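Shown next, in structure tokens, is the structure this report addresses.
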């Protein structure tokens, strides 16, 4: 059963940019990469354009293809061009190595200020990869006094 990316886990980043992807997230990547059927290591697509949050985003091969399909179906114009600029031009494919690590390029680490620790945050269909301190500083009172089950109920009422 595939549940998608869950949890919030911290990993060390070495001086060369190698970071261990949490095991739970590696299994999601493997399930979302058709080339893993032959026992190969999974790929992840890193979207390194700036979004509404200051984090890097990682997608499985299948999830990224689904997103690309949505872009290709958009009407030609500024919105499609902007989506392509942010979600196609600013994407890097990385492969998980035999030790469960990936390499984050120096320019990407610098853009998102990812230092000696990175926080992997499950966001269902993708991972958010944060600078450790930035993530926990922004976490603050997130969700304080909010009942998430009520949010779901409000969002799904007909």
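The values are calculated or read from the model by the stated rules, or taken from the named source; none is laboratory data. This structure is a prediction, so every number in the text was calculated from the model and none was measured. Cβ: placed from backbone, ideal geometry, glycine included. Neighbour counts: every protein chain shown.
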- Query: Does residue 98 fit the bill of being surrounded by fewer than 10 Cβ atoms within 10 Å (Cβ to Cβ), modelled with pLDDT under 95 and under 25 Å from residue 32 (Cα atoms)?
  - Reply: yes
- Query: Can residue 41 be described as buried (at least 17 other Cβ atoms within 10 Å of the Cβ) and either on the phi < 0 side of the Ramachandran plot or in contact with a strand residue (DSSP E or B) (Cβ under 7 Å, 6 or more places away or on another chain) (or both)?
  - Reply: yes
- Query: residue 116 fails exactly one of the following numbered conditions: (1) surrounded by fewer than 13 Cβ atoms within 10 Å (Cβ to Cβ); (2) at pLDDT below 95; (3) over 14 Å from the mean Cα position of the chain (by Cα). What is the number of that condition?
  - Reply: (2)
- Message: With the requirement that a residue be without any contact (Cβ under 8 Å) to a residue 40 or more places away in the chain, part of a loop (DSSP other than H, G, I, E, B) and more than 20 Å from residue 118 (Cα to Cα), what does the stretch 1-52 give you?
- Response: 1, 2, 3, 32, 33, 39, 40
- Which of the residues belonging to the stretch 9-30 are surrounded by fewer than 17 Cβ atoms within 10 Å (Cβ to Cβ) and out of contact with any helix residue (DSSP H, G or I) (no Cβ under 8 Å at 6 or more places or on another chain)? 12, 14, 15, 16, 18, 23, 24, 27
- Pair list, Cβ under 6 Å, 6 or more apart: the stretch 95-118 residue without any contact (Cβ under 8 Å) to a residue 60 or more places away in the chain, other residue in a strand (DSSP E or B): 95/43; 113/131
- Message: Considering only the stretch 54-62, I want to know if a residue exists there that is under 14 Å from the mean Cα position of the chain (by Cα), surrounded by 13 or more Cβ atoms within 10 Å (Cβ to Cβ) and at pLDDT below 90.
- Response: yes
